[in-house]
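Contents: one structure, followed by commentary.
Rule-based calculations on the coordinates, nothing more; no lab input. Keep in mind that what you see is a predicted model, and the values were worked out from it rather than measured. Cβ placement follows ideal geometry from the backbone for every residue including glycine, while neighbour counts extend to all protein chains displayed.
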Amino acid sequence: MDQGFPLFPQQASSMAPRVDNLYFYLLAVSFFFATLIALSVIYFAIRYRRRSESETPPGVEGSLKLEVAWTVIPLLITLTFFFWGTKLFFAMNRPPTDALEISIVGKQWMWKIQHADGQREINELHVPVGRAVRLTMTSEDVIHDFFVPAFRMKKDVVPGRYATAWFEATRPGRYHVFCAQYCGTKHSAMTGWVEVMDPLAFQNWLAGGTGSESLASAGAKLFALHACNTCHRPDSLARGPNLEGLFGKTVKLQDGRTLVADENYIRESIVAPNAKLVAGFQPIMPTFQGLISEEGLLQLVAYIKSLSKAGPSPAGIPPPVKESAPEREAPK
Amino acid sequence: MADARAPAAAPSDASVTHAGPRDLQHHFDTMEQQRDASSLGMWVFLVTEILFFGGLFLAYTVYRSEYARAFAEASRHLDITLGTFNTVVLIVSSLTMALAVFSAATGRRRALLVLLIATMVLGGVFLGVKAVEYGHKFHDHLVPGPHFRFPGPYARQAEIFYSLYFAMTGLHAAHMIVGIGILTVLVLQARKGRYGPAYYTPVEVSGLYWHFVDIVWIFLFPLLYLIGRHIH
Amino acid sequence: MSSALVAPPESKHPVEPRVNYLNATYGVKSWLLTRDHKRIALLYLASITFFFFLGGLFALLIRLELLTPAGDLVQSQTYNKLFTMHGVIMVFFFLIPSIPAVLGNFLIPMMIGAKDLAFPRLNLLSWYIYMVGATFTLWAVVHGGVDTGWTFYTPYSTASSNTHVIATAVGIFITGFSSILTGLNFIVTIHTMRAPGLTWFRLPLFVWSHYATSLIFVLATPVIAVTLLMVAVERLFHLGIFDPRLGGDPILFQHLFWFYSHPAVYIMVLPAMGVVSELVTTFSRKNIFGYKFVAFASIGIAVLGFLVWGHHMFVSGQSVYAGMIFSLLSFLVAIPSAVKVFNWTATMYKGSISYRTPMLYAFGFIGLFTIGGLTGLFLATLGVDVHVHDTYFIVAHFHYIMVGGAIMGYLGGIHYWWPKISGKLYPEAWARFAALVIFLGFNLTFFPQFILGYLGMPRRYHAYPPEFQVLNVMSTAGASILGAGYLMPMVYLVWSMRYGKAAPANPWGSTGLEWDTPSPPPTENFAVTPVVTDEPYHYSPGEVEIVG
């Protein structure tokens, strides 16, 4: 796809012009100071060039005023960079609440993408234009990084935890995805595309899929398969915390700490159950590390999120699955 | 730092025994300057050692706060009796070392030799006890790696505890071994009457090193051995 | 004021040999077992020059591969090894030792009027430790290399890579102690061995900057040592300190790694700044403008440099609030550097500016370091760093500082003190030409990379989309010119050792105690310890001459 000889990346997301504006401001200030210094040096070098080997220039006293000035003024200017950059950074890290949910699992050397309604893609991500998209990402092996230059979006994808990022595409088109954290032999081949489509085209694309089930309903199946409901049940036979309404709730731990149950907490509780033991429960939950893939974990998380009203509900796909009664009546 | 130094090729230090020109290295102007340099050098080196151990202490702190229960559980499998004994041994060895420095400074050659050897023996006892402890850990399958076994739900976190245990106590033991080597050299030199009130800098800076290694243990002991005693 | 500003007239008769540190004793043993800081400096010079060209060879291969979008020159894993080894060698075996171990070792005792460093045997041991560490790393290179990137991120380095990670990590671990001992030696020397009358504020700024560098040497290097030790141990015994599958935290590695590696970049640039202070004063024939500000700026950079490591981790998963704090501190650390640049520029005001080669390198440093430093502000800006992190923008930024800054400072210093070190003058015309070639080659190599980075080309990429090719070709063209430029000093400096004109004690008319000794100096530097009564850079008339 030869796009000629570009010197500046396309702006294809709501964040891109904001980043570029800050960049241009930085460029302008840098250019100003670099030129100021370069011209000063050149001017002094010529005006005061040595004309004879024996000349001795006059001593020049330092100037406190000047020192203070060229300390304070750059400091104030850099503070403007700081405030603007921080504001942008906070915006980048606060996805809108009604964003479309996408799960991404990176592994050497490919991106496995799954939409909430179940559509799977490899190395390609179809999204609608004008809609916020929130990515929940993890790695199966080493650290990767999901980078879309046209969106000015980048986030390290780390094994053992979830990383989130978001964007809102503003222009239909096809944009590079790069892995931007060195991950081994085929790091530079771990690339892909974001295909931004008109909303209608996107709906058609979603509907035209192979009809795979949604993340949440796949998660419900895993929940049953691994007999989680044996202990996690709403009645008196429960030996583990009730998972309904858990997502987004504040949880009190054995050691006195409290935390908000987010995706990372749920994932960790499945693979390392005793790391954050809930107050009032015994450390009897077995670990499912190695028994459930990262994609499976994402599905389980989606399922548990669907049990909570606080969980986001992507429009355009079937409503969240609700498990009414556990499959088994009695413990094993 | 003192600025005025008389430019001199020979030292002006004329006190007691063995302050001959052979003790003053050619690039120093006076014995005082040489002593200041040696002392400052050892202090700077000890600062680097703090940072060196610091990385491990940081890792320990991070995981201890993350896996408090697991670390407490794992810690209970350490032998607190042997650990306490070793702590006392090291503290006494610091006493003997400090007295050795004092002996050198006051010209008590025999006392210096006895105290240096006592320090070495105590260091050796410490290492012997550590070897016994390591043997126990090996026997109990608590050495991280393919043969690690830890009952209960905290196996993986306990393995991290033991990785840090072996790394930190191992690094400490290595420093002890080096320390005993240094003391050996000191003993050999002291036998020849090398040290006296005019020149005992090597004893003094070795003492600093020994005290530092002791202090590291003073931190290691509670962090590794004592954390499981109250959390239930 | 010395009148030896011009080279002595050509002599048709052989110069009567005078005993100096080079010819005082002969034989391999007299060099390999020397305690003379000047000879040790030359031992280091030989070693780091070798590693510079080895690292440069890898750079050349990298740039050759990047001429075309496809990965067609070497295989992917080979390419990954090339950039890893380029980074490891250039950072640990060239840049970090370069100015301190060569120029610092040679000059610091002389600049303070001492006969040697505080611990000469430790100094020699430093070099041997460096060589042992280098041997481990060379072993790894020869046996297939390592492909983790010089940053050794986990869990790739501990659980995934199948290359010689442990050997390389051990090599760097060992060489780290060389740095620590050098720093320790400098600190003790500067504190305890200054000549009478040489108060702290009479010290040359070269000494101040090396003192600041030494603080970083002793405080930061142990951390990378223990971190690499943990990596090696984890890899060897399959532990889980950094491996999430075993309960470990890969981000902990990044914190530990960057806690050293950020201050490390100040280890690389502070000594060069010290050189520039000497060059600008000598070749403007003026006192430095704002001496105390420049001196304290060095210390400020060293201290603040320890507080900013998280700016390498803005997108790693680090907390947003931590990112904010690191961003603010990163802006603060830029200020002392800016203050230095302003002071150097102001020093030239009403000076007597010479365009001799060392000054050309100083000009180059000021320009290129300014650009590199300004682009650092882009990276400290959170909202922009998200886009340019791990792209060629970063690569361009750090090469502007490391190459445009540190190496320019190094070469400027080598040329400036060459007469003192070798007793010979280098050929000025060739040297100026080489400096120009290097400057132009450098800019052509690295400026396009800023554009590539903002476009989105990630770093460490073996193959890339075709629309990035034109800029890559420009960069490779620049790299070949730069390489040619670097070869020139190798040739003419070696040539000058045999055929160069004999150098007087003070060819530049410079103040500073090192110029009060013959070129080359005698082994003991000063027969009698000098007594200092002058302010530094006392170029203006009416000042009292140095006695001794």
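What to note about this one:
- For trypsin sites (Lys or Arg not before Pro), the sites in region A:37-100 that DSSP calls loop and that have at most 14 other Cβ atoms within 10 Å are A:R51.
- Normalised contact order of chain B, rounded percent, pairs of Cα under 8 Å and 6 or more residues apart: 33
- Compactness of region B:115-232, taken as the C-alpha radius of gyration over 2.2 N^0.38 Å, stands at 1.36.
- Using a Förster distance of 35 Å, the FRET efficiency for C:D534-A:F31 (Cβ separation, nearest 0.05): 0.25
- Based on C-alpha pairs under 8 angstrom that are at least 6 apart in sequence, chain C has a relative contact order of 19 percent.
- Placing pseudo-labels 7 Å out from each Cα toward the beta carbon at B:H147 and C:V132 gives an inter-label distance of 3.0 nm.
- Values of log10 I(q)/I(0), in the order q = 0.14, 0.18 Å⁻¹, for region B:43-89 under a Debye, Cα-only, solvent-free model: -0.55, -0.80
- DSSP finds beta bridges in chain A, and of those with both partners inside it, around 70 percent are antiparallel.
- Taking region C:253-368 and dividing mean pair separation by its residue count, relative contact order in percent (alpha carbons under 8 Å, at least six apart): 40
- Amide N proximity, region C:319-358 versus A:R49 label position 7 Å along Cα-to-Cβ, cut-off under 12 Å: C:353-356
- Pairwise FRET efficiency - B:A131 versus B:F102, Cβ, R0 = 25 Å, nearest 0.05: 0.20
- Kirkwood-based shape ratio for region A:215-309, expressed as Rg/Rh from alpha carbons: 0.92
- Hydrodynamic radius by Kirkwood, which averages 1/r over all alpha carbon pairs of chain B, in angstrom: 19.9
- Cα-based convex hull, the protein assembly as shown, per residue volume (Å³, whole number): 172
- Just checking the listed ones, A:Q119, A:Q11, A:Q203: in the Gaussian network model of chain A with Cα springs under 10 Å, the one fluctuating most is A:Q203.
- Under the Debye formula (equal points on every Cα, no solvent term), log10 I(q)/I(0) of region C:101-218 at q = 0.17 Å⁻¹: -0.81
- The distance between label points at B:V185 and C:H143 comes to 3.1 nm (points 7 Å beyond Cα on the Cα→Cβ vector).
- Over the protein assembly as shown: helical MRE at 222 nm, DSSP H runs n ≥ 4 each giving -39500 (n - 2.57), nearest 500: -18500 deg cm²/dmol
- Taking a ≥ b ≥ c as the square roots of the eigenvalues of the alpha-carbon gyration tensor, region C:331-468 is classed oblate because a/c is 1.5 or more while a/b is no larger than b/c.
- Translational diffusion coefficient (Stokes-Einstein; Kirkwood radius from C-alpha pairs) of region C:36-507 at 37 °C, 0.692 mPa s, in µm²/s: 145
- Peptide-level mean, for C:450-461, of C-beta atoms on other protein chains within 10 Å: 6
- Here r is the Cβ-Cβ distance between B:I215 and B:H139 and R0 is 22 Å; the resulting FRET efficiency, rounded to 0.05, is 0.10.
- Axis of helix C:165-192 versus longest Cα principal axis of chain C: the two differ by about 30°, to the nearest ten degrees.
- Model label points for B:V92 and A:D98, set 7 angstrom from Cα along the Cα-to-Cβ axis, are 7.7 nm apart.
- For chain A, the fraction of C-alpha pairs farther apart than 27 angstrom is 57 percent.
- Beta bridges from DSSP with both residues in the protein assembly as shown: antiparallel share about 70 percent, rounded to the nearest 5.
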